Amino acid sequence: MAIVVLMSGASIHKLDGRHERVRKGKEAAINAIIDLVTEGRVNLTAADIAARAGISERTFTRYFESLGELISVSYQQIQPHVEHMLTLDVPVGDLPSRLKTLVGLRVSLIRTYGPLVEAVDQLSSNWAVAKEVMRERDHVLEVQFQRWFSVERTKMNEDRFTAIGIFLSYNSLRQLFFALGSRTEHVVTNLTSEMFVAKSA
């Protein structure tokens, strides 16, 4: 009988309401850490984030064991949305089409998920979990580049290939995106094409 009572409509509604409050509280904490880091705050405390999120510090510690966990959870939330941008599956197509696709995916990553990625990036010097997230992202992007252009790699100087990889890295493209905005994809694709062609001249 107790089970029936617990599973009554009123109880389910109460549980749903609690879950919704938790979801909104966690979302507020994620947005808070992004906002604070964007403002230049990197030495953050749970109290700082809780205050910005509009929740108590005690509530924050119920949601997250540490700031490290908040960083990890924040990044995990966007992972399903960025997986296709980090794919290691080599697309069919010639060099120009692969370059255009790669640059497009990386610029999309920067444009769409930049604020959270930037927050994690800026916190990486203070938090081991953030540092690990950034290390893994950069590793995947490096492997992606090497796989997508493995054919070209066999025909060119290794130093030039490495330089192209650095030029197409997340951090380099992020700086170019800040400077070039909507022209980034076109400019970077053309410049990279020239870098690849120059190696066989």
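Pull up the range 137-173, narrow it to residues that are surrounded by 14 or more Cβ atoms within 10 Å (Cβ to Cβ) and of a type in the set (Gly, Ala, Ser), then point me to the one that is nearest to Ser72 (Cα to Cα).
Selected residue: Ser169.
From Arg147, Arg160, Arg153, grab the single residue that is farther than 30 Å from Ile49 by Cβ and modelled with pLDDT of 95 or more.
Selected residue: Arg147, the only one of Arg147, Arg160, Arg153 that is farther than 30 Å from Ile49 by Cβ and modelled with pLDDT of 95 or more.
Quick check: is even one residue across the range 175-198 closer than 23 Å to Gly114 by Cβ and in contact with a Ser or Thr (Cβ under 7 Å, 6 or more places away or on another chain)?
Yes, the range 175-198 has at least one match.
Under the condition of being touching a residue at least 40 places away in the same chain (Cβ under 8 Å) and assigned to a loop (DSSP other than H, G, I, E, B), which residue from the range 37-72 is nearest to Gln122 (Cα to Cα)?
Across the range 37-72, the extreme among qualifying residues is Val42.
Within the range 78-158, considering only helices (runs of 4 or more DSSP H) that don't extend past its boundaries, which have at least 3 residues that are outside the structural domain of Asp35 (by TED's automatic domain parsing), without any contact (Cβ under 8 Å) to a residue 40 or more places away in the chain and under 14 Å from the mean Cα position of the chain (by Cα)?
The qualifying helices (runs of 4 or more DSSP H) are 95-123, 128-148.
Going through Val120, Val107 one at a time, which residue ends up being modelled with pLDDT under 85, buried (at least 18 other Cβ atoms within 10 Å of the Cβ) and either of a type in the set (A, V, I, L, M) or more than 14 Å from Leu168 (Cα to Cα) (or both)?
After applying the criteria, what remains is Val120.
State which residue pairs qualify: first residue part of a loop (DSSP other than H, G, I, E, B) and inside the range 172-201, second residue among the basic types (Lys, Arg) in any location, beta carbons under 7 Å apart, and separation of 6 or more residues or different chains.
Sorted first by the residue in the range 172-201, then by its partner, the pairs are Lys199/Arg160; Ser200/Lys155.
The values are calculated or read from the model by the stated rules, or taken from the named source; none is laboratory data. Worth saying up front: this structure is predicted, and the values here are computed from it rather than measured. Here Cβ is always computed from backbone atoms with ideal geometry, including for glycine, and neighbour counts include all displayed protein chains.
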